[in-house]
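What follows is one structure encoded as structure tokens, with my remarks underneath.
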Amino acid sequence: MKIKAGIMGATGYVGSELVRILYHHPEVEINVLTSKHHSNQRYNSIYTNFSKICEMKCDENDLDSVINQLDIIFLSLPHGITSNLLTEKTLKNVKIIDLSADFRLKSMEEYEEWYDIKHNNINLLNRAVYGLSEWKREKICSSRLIANPGCYPTCALLCLLPLIKEEILEEDYIIIDAKSGVSGAGRSLNLGTHFSECNESTKAYNVASHRHTPEIEQQLSEINRKKISVTFTAHLLPMNRGILCTSYGNLKKAYNYDDIKKIYEKYYHDEFFIRLMGKNIFPETKWVKGSNYCDIGFSIDTRTDRIIVIGAIDNLIKGAAGQAVQNMNLMFNLEENMGLNSIPMFPV
């Protein structure tokens, strides 16, 4: 019997990618799609790429009316909503993967400070598992509530965690310079992402105040068992999708290329979705678009004893919908890459 899935917020960019991926998943059937702004509309009238594929109508965002019909619900809703929707009763009836930030941060105070939204669900906050699949696999398998990571943190953490785990970086000097396509801002109208506003331009935004900063710091600190602070700056690029993340760290002692290569291979050699680049080969967003892969390459600056690590992901797939499906596979004891074997699209 197939897994009965629902997607709340199915008409955003991440929601549409969830629909696309799950339609190809051999063990899943989509039973419910909801949308705040497109209730009672056929899905293929909103996204014409689903013509002759998805004839379903979107329902209203009413969690209570669907929890008994489904095995899993993907919540692709704005921040601040799911913390008020979910209850212990909900989790007894259905598994949840939340793609908002509501359950990513373990400190309610920190969440309210960075997101400027009140959080009303401390009990479930403590039950949620941070869904960075490659690093939280065991906990994800046994959880009923997954906090799907943000797109920037996914790329930054996959690049940095092996080095932090091995304690080879100076913890007080980590700089993350990240760049994303405009789809990361979502589908809602926003002056900053209008074509004439962002085309032929690159800009930094939310400098020294980006909401993904505490998420990155929390996970690095957890694995290092001491407080780590990072300097994180996000930039908007005039392209549809993709993230390129360049991280800089001071090495505690001299390491050569092979030393670092062994560290990455120790953690990622058997990871299906992590692709380690060869020496002097560095990731590009064009080689991961439309896929759940994370490409990682690095170089050592022997002059300064610094390491530069570069990662690339598709922000809508590995940074959101693809990782959510990867987490679902773990929760239902399926092959982790099931439904996620798409080869990156090129050109696109």
Show me, for segment 310-317, the HN-Hα J-couplings you get by feeding each phi into the Karplus relation (A = 6.51, B = -1.76, C = 1.60, θ = phi - 60°), rounded to Hz, glycine and proline as x.
10, x, 9, 9, 7, 4, 8, 9
Can you list which of the trypsin sites (Lys or Arg not before Pro) found in segment 147-222 are DSSP loop residues with at most 15 other C-beta atoms within 10 Å?
ARG187
The correct pair for segment 122-191, radius of gyration to one decimal and Dmax as a whole number, both in Å and from Cα atoms, is 15.5, 44
Whole-Hz ³J(HN,Hα) for each residue in segment 283-295, computed from phi via Karplus 6.51 cos²θ - 1.76 cosθ + 1.60 with θ = phi - 60°, x for glycine and proline: what do you get?
x, 9, 4, 5, 8, 10, 4, x, 10, 9, 7, 10, 9
Among all cysteines in the chain, which have no other cysteine Cβ under 4.7 Å from their own Cβ?
CYS54, CYS58, CYS141, CYS151, CYS159, CYS198, CYS294
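Gain in length, CYS141 to GLU284, computed as 0.36 nm per residue apart minus the alpha-carbon separation, to one decimal in nm? Don't jump to the answer; show the numbers that get you there.
Details: separation 143, 0.36 × 143 = 51.48 nm, distance 3.15 nm.
Result: 48.3 nm gained on full extension.
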GNM flexibility winner over the chain from LYS118, LYS266, LYS95 (Cα, springs under 10 Å)
LYS266
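Share of antiparallel DSSP beta bridges in the chain, in percent to the nearest 5? Provide the component values of the computation, followed by the final result.
Numbers: 27 of 56 bridges.
For the chain, the DSSP antiparallel bridge percentage is about 50.
In whole percent, what relative contact order does the chain give with Cα contacts below 8 Å and a gap of six or more residues? Please list the in-between numbers first.
On the way: 737 pairs, mean separation 59.3, N = 348.
Taking the mean separation of contacting Cα pairs over the length of the chain, I get 17 percent.
What is the local net charge at ARG306, summed over the other residues whose Cβ is closer than 15 Å to its Cβ (Lys, Arg +1; Asp, Glu -1)? Before the final figure, lay out each step's value.
Details: positive: LYS252, LYS253, ARG303; negative: GLU170, GLU171, ASP172, ASP177, ASP259, ASP301, ASP305.
The answer is -4.
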Taking the Cα atoms of segment 15-115, what is the range of coordinates along each of the three principal axes, in descending order and whole Å?
47, 28, 25
Exposure proxy check on VAL288, VAL28: fewest-to-most Cβ neighbours within 10 Å is VAL28, VAL288
Between VAL207, VAL14, VAL325, which gets the highest mean-square fluctuation from a Gaussian network model of the chain, Cα cutoff 10 Å?
VAL207
Phi-based couplings in Hz for segment 161-176 (Karplus 6.51, -1.76, 1.60; Gly and Pro marked x):
4, x, 6, 5, 4, 7, 6, 9, 10, 5, 5, 9, 9, 10, 10, 10
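Neighbouring Cβ atoms within 10 Å as the yardstick, rank MET331, MET1, MET8, MET56 fewest first. It would help to have the intermediate numbers written out before the result.
Working: MET331 23, MET1 6, MET8 27, MET56 17.
If I rank by nearby Cβ atoms, fewest first, I get MET1, MET56, MET331, MET8.
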In degrees, nearest 10, the alpha-carbon axis of helix 322-331 is tilted away from the dominant principal axis of the alpha carbons of the chain by 80 degrees
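Find the relative contact order for segment 152-317 and round it to a whole percent, using C-alpha pairs within less than 8 Å whose residues are 6+ positions apart.
Numbers: 329 pairs, mean separation 50.1, N = 166.
The value is 30 percent.
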For segment 205-289, just list the percent of Cα-Cα distances falling in each 10 Å bin from zero outward, please.
12, 34, 42, 12
Go from 0 up to the bin containing the longest alpha carbon distance in the chain, width 10 Å each, and give me the % of pairs per bin.
5, 25, 35, 24, 8, 1, 0
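So if each residue of separation counts as 0.36 nm, and I subtract the Cα-Cα distance between GLU200 and LYS226, what length gain in nm does that give? Write out the running numbers ahead of the final one.
Numbers: separation 26, 0.36 × 26 = 9.36 nm, distance 4.17 nm.
Stretched out fully, the GLU200 to LYS226 stretch lengthens by 5.2 nm.
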Sparsely packed trypsin sites (Lys or Arg not before Pro) within segment 280-319, loop by DSSP, other Cβ within 10 Å at most 11:
ARG303
Report, ordered by chain and residue number, the aspartates and glutamates lying within cross-link reach of LYS266, taken as a straight Cα distance under 13 Å and ignoring same-chain residues fewer than 8 apart.
GLU134, GLU166, ASP258
Taking the convex hull of the Cα atoms, report for segment 58-162 its projected area averaged over all directions, in nm².
7.2 nm²
Compute the acute angle (0 to 90°) between the alpha-carbon long axis of helix 13-23 and the principal axis of greatest extent of the alpha-carbon atoms of the chain; round to the nearest 10°.
70 degrees
Taking Cα atoms, how many degrees apart are the long axis of helix 257-268 and the longest axis of the chain, rounded to 10 and kept between 0 and 90?
20 degrees
Column: log10 I(q)/I(0), Debye, Cα scatterers of segment 152-317, q = 0.11, 0.12, 0.18, 0.20 Å⁻¹
-0.45, -0.53, -1.14, -1.35
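Pairs to check: LYS253/LYS318; LYS2/LYS52; LYS106/LYS262. Give those whose C-alpha atoms are more than 24 Å from each other in this structure.
Values: LYS253/LYS318 33 Å; LYS2/LYS52 22 Å; LYS106/LYS262 32 Å.
Going by Cα-Cα distance, LYS253/LYS318; LYS106/LYS262 fall outside the 24 Å limit.
All of the numbers you see were taken from the coordinates with simple rules; none came from a lab. Not measured: the values here are computed from a predicted model. Note that we place each Cβ from the backbone using ideal geometry, even for glycine, and neighbour counts take in every protein chain shown.
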